[in-house]
Amino acid sequence: MTDTFSARKYMRDLKLPFCPGCGLFSLSDTFLRAVHELGHEDLHKFCFASGIGCSSWIPSPYYVADSVHTLHGRSIPVATSIKLLRPELSVVVFGGDGDIVGIGLGHFIHAARRNTDILVIMGNNMVYGMTGGQVAPTTPFNTRTSTTPYGSFEYPLDAAKLAVASGAAYSARWTTAHLAELKEAIKKALGLDGFRFIEVVTHCPTAYGRRAGFKDIGEMLKYFKENAVPVQKTGKMSEEELERRIIVGEFVQRRRPTLVETVYSKLKEAKEGAE
Ligand SMILES: Cc1ncc(C[n+]2csc(CCOP(=O)(O)OP(=O)(O)O)c2C)c(N)n1
Ligand code: SF4
Ligand SMILES: [Mg+2]
């Protein structure tokens, strides 16, 4: 670390487009703090990919970095090609829950299965925020959204656990009420290889909070804090006890050959065989 942190150092002279009080400001700030603490003076060693949605606006066009702002749900395959072509870059995807585990779910699972060398940071605001707060695969059961006025009738998908089951090298979940822990998780994930996933349960006062019954942002953050259960403690808890709780912490950290390693070693083998 060479100087005091300033997010502006890493950002273009533009204002992030989020609603006042949105948790995505904290997520962006925490990511840049992690980058700063790792000693990066700028973002030239990074390349970002994002799809469509509020969370997908974090890197592009706001960060002074190369980034691809692609179609809704397609950031992971784009990030995969960037990494395969430029393996020296640290490739980071930012996306929403709809983007990453709704429309983009197949890509998410296969990227984890392949141990693709990318970091995916998912802002989970529990709805399709940018399009008006529609129910998402991550919406808690029986929650009111713009498309479920009597409460959602489906069970939510657990993205952090799905990443583990699919083969991720690292999977963690924190919330916007746990920014110190989130920053450490980002720093750690940036230093690891393979498919790394960080889910950030984020407060969205506009499209989620008011319909879901939260009076203000403070109440949402208090809820996140009070209902967070460290993953190590969940072994002895029943499903009923875990209902509506947010399991936080590291779900997995492991090492196995990554996609870049296996692809480049096969290329080498094929080249040597042809000579
Ligand atoms: C193929 C396609 N389908 C649907 C849309 C409309 N759309 C844009 S963003 C979005 C959902 C955004 O939700 P999420 O990914 O959770 O991001 P958030 O805004 O909540 O951060 C949808 C459905 C689109 N742009 N492209
Ligand atoms: S709709 Fe929600 S997630 Fe999107 S910018 Fe507004 S508060 Fe943030
Ligand atoms: Mg969302």
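No lab work stands behind these numbers, since they all come straight from the coordinates. This is a predicted model, so every value here is computed, not measured. FYI the Cβ positions are ideal-geometry reconstructions off the backbone, even for glycines, and counts take in every protein chain you see.
Of Asn227, Asn115, Asn124, the residue with the greatest mean-square motion in the GNM of the chain, using alpha carbon springs below 10 Å, is Asn227. Diagonalising the gyration tensor over the Cα atoms of region 124-275 and scaling each eigenvalue by 5 before taking the square root yields semi-axes of 36, 18, 15 Å, largest first. In this structure, the residue pairs whose Cα-Cα separation is over 27 Å, taken from Lys187/Lys225; Lys45/Lys271; Lys161/Lys268; Lys83/Lys225, are Lys45/Lys271; Lys161/Lys268; Lys83/Lys225.
Each Lys and Arg contributes +1 and each Asp and Glu -1, all at the Cβ; summed about the Cα centre of the chain, the dipole is approximately 100 debye. Between the amide H of Val93 and those of Ala49, Leu119, Val120, Ile121, distances stay under 5 Å, these residues lying 5 or more places away or on another chain, with hydrogens modeled in the peptide plane.
A dipole drawn for the chain from +1 and -1 charges on Cβ atoms has a positive end, and of His44, Ser152, Ala7 the residue lying farthest that way is Ser152.
Which helices of the chain meet both criteria: a Cα extent of 24 Å or more along the helical axis and a mean Kyte-Doolittle score no lower than 1.6, with helices taken as whole DSSP H segments?
Helix filter hits for the chain: none.
Available extension along the chain between Val229 and Leu71 is 53.4 nm, counting 0.36 nm per residue and deducting the alpha carbon span. Among Ile58, Met126, Leu71, flag the residue with its Cα farthest along the positive direction of the charge dipole of the chain, charges on Cβ as +1 for Lys/Arg and -1 for Asp/Glu. So the residue furthest toward the plus end is Met126. Expressed as a whole percent, the proportion of Cα-Cα pairs in region 16-274 lying more than 33 Å apart is 17%.
For region 85-157, DSSP calls about 40 percent of its internal beta bridges antiparallel.
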